[in-house]
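Scroll down for the structure; my scribbles are underneath it.
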Amino acid sequence: MAKCHRNDVGSLVLDRATVGVGPSGNHFRLWSPFSGAAFRRRLFDAVTCGGSSRYRHELQEEDNASTATARTNTMRAILDEANKKSSQPEKFGDDDDKKEKQSSGNNTKSEKLADLLNLAEAETDMETRKKIEALNELKRVVRQLQVEDEMKKKAAAGSVRLLAKEDSEARVTMALLGAIPPLVGMLDLKDVDSLIASLYALLNLGVGNDANKAAIVKAGAVHKMLKLIESADDPKPPVAEAIVANFLGLSALDANKSIIGSSGAIPFLVKTLKNLDHGSSSQAKQDALRALYNLSIFPSNISFILETDLISFLLNALGDMEVSERILSVLSNVVSTPEGRKSISLASDAFPILVDVLNWTDSPGCQEKASYILMVMAHKGYGDRQAMIEAGIVSSLLELTLLGSTLAQKRASRILECLRVDKGKQVSENFGGNLGATVSAPICGSSSSSTNPNGVSKNCLLEEEDMMSEEKKAVKQLVQQSLQNNMKRIVKRANLPQDFVPSEHFKSLTLSSTSKSLPF
């Protein structure tokens, strides 16, 4: 500010001051003359410069003071807030409690997780110990099978029977440890209890395990069991039943079917099934029938089955509802070979029995299997069709096409088609030749005697019509007879009075039916 005043003063007084002498020599001027406006302007500038500087200085001081005041207020606010927090120690205590609770919760979760891990490790260790103990037990049992003492071997066989009954892993483990060969060797013993224990131990080892079944046969069990059967003294019923059960289990494996079938086991199974000496239990007979079914699947075993009288026995046993479906399953396998079809065809009352199965049974399985046997016989054997017609198969097949299962309906339609073709051949043979050739070339008489422009006489046309009408009459009569038989059967099943008379509408339907009603 001093410099500003000094510049202004110097500018106004010193710089502008001028000393001069007028022309007269007696005039003196202190500064050069200037106008009043200029003077006022210069004075205003000088005054303004000093006033502005002071104003800026005051403003700067005020700004500095306000800044210091703001800083002071901020510091005071911070201190006051700190004092407030220090005056309320309970809030900090609450936060500490929350932190302590949170940390204690985390510690609790960690402890629970550790407990679960420890429990899982304990369970794993327990399971491992149990598995080790079970393995040691299996090893002990297998070692006992290899000792010389028969009592210990019998006890060990009983243990194997129990351990392998429901434990598939035990079956695998004991077979790997070598339990099968000593058990098969026990079949040479004379003690009945030892034989039964070893047979059922082998049976349980083979349940659901094809490798064990193959190993049992490879160890010679089939030969030893047949040796027991063919011994001088017949085996005791419990031993025979155990052998039948083993044949059933072993024959389930395809690789064993040919070995068992060719070994001579089939006659023993047939004997058990027929139960001639009434020594076989119901379970033994069912096991024998199921074993025969398994063996009949292999075509080479059919010849061994036909060497027995099994076919006639099975046909006569078809009335037993408990075993009818299994019997038909065996016959379905037998009919797949030419010698099997011949055997069934030569059996007494084979076709009437099979047709009766279609009539009295309501089981879809029995109907399907019986219709399959008849379908194969009708398709392969021309001479068997007449026997089927004589047995009344047509009415049964017509009913089956309406009321049977889908598969039975298809098979019944196939049989009816075969019989229709055969019926046409028979009609043709009754007229002394090929009906188709007669119809296609009806040349009867000379053209000179013909009144027809095409050279065909009226007598020839009448003869053709007579032949065609005879075929239609035969088919019409067949359909009427089938419908009447079906009506009688339906009345019988509905438990209606025996003197029930069909309505006139039904009679009109049977009289007006033609070959179009046949499901061909």
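The values are calculated or read from the model by the stated rules, or taken from the named source; none is laboratory data. Keep in mind that what you see is a predicted model, and the values were worked out from it rather than measured. We place every Cβ from the backbone using ideal geometry, glycine too, and count neighbours over all the protein chains shown. Surface areas here come from the heavy atoms of the whole protein model, side chains and all, with no ligands, DNA or RNA. Shrake-Rupley method; radii C 1.70, N 1.55, O 1.52, S 1.80 Å.
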| said: Considering only the range 352-361, I want to know if a residue exists there that is surrounded by fewer than 16 Cβ atoms within 10 Å (Cβ to Cβ) and part of a loop (DSSP other than H, G, I, E, B). | reply: no
| said: Please verify whether Asn256 is among the polar types (S, T, N, Q), buried (at least 23 other Cβ atoms within 10 Å of the Cβ) and touching a Lys or Arg at 6+ places or on another chain (Cβ under 7 Å), treating the condition exactly as stated. | reply: yes
| request: Just one of (1) open to solvent by 50 Å² or more (accessible area, probe 1.4 Å); (2) farther than 17 Å from Leu199 by Cβ; (3) within 37 Å of the chain's Cα centre (by Cα) trips up Lys271, so point out which. | output: (3)
| request: Consider only pairs whose beta carbons are under 8 Å apart and that are at least six residues apart or on different chains; among these, list those whose first residue lies in the range 301-326 and is within 11 Å of Ser343 (Cβ to Cβ) and whose second residue is assigned to a helix (DSSP H, G or I) and open to solvent by 50 Å² or more (accessible area, probe 1.4 Å). | output: Ile302/Glu339; Ser303/Glu339; Leu306/Glu339; Glu307/Pro267; Thr308/Pro267
| remark: Asn136 fails exactly one of (1) among the polar types (S, T, N, Q); (2) modelled with pLDDT under 95; (3) touching a Lys or Arg at 6+ places or on another chain (Cβ under 8 Å), namely (3)
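Being within 23 Å of Ala347 (Cβ to Cβ) and modelled with pLDDT under 90 narrows it down to one of Gly381, Gly404, so name that one.
So the residue among Gly381, Gly404 that is within 23 Å of Ala347 (Cβ to Cβ) and modelled with pLDDT under 90 is Gly381.
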| query | Is there a residue being in a helix (DSSP H, G or I), of a type outside the set (Val, Ile, Thr), open to solvent by 30 Å² or more (accessible area, probe 1.4 Å) and closer than 25 Å to Ile266 by Cα anywhere in the range 382-395? | reply | no
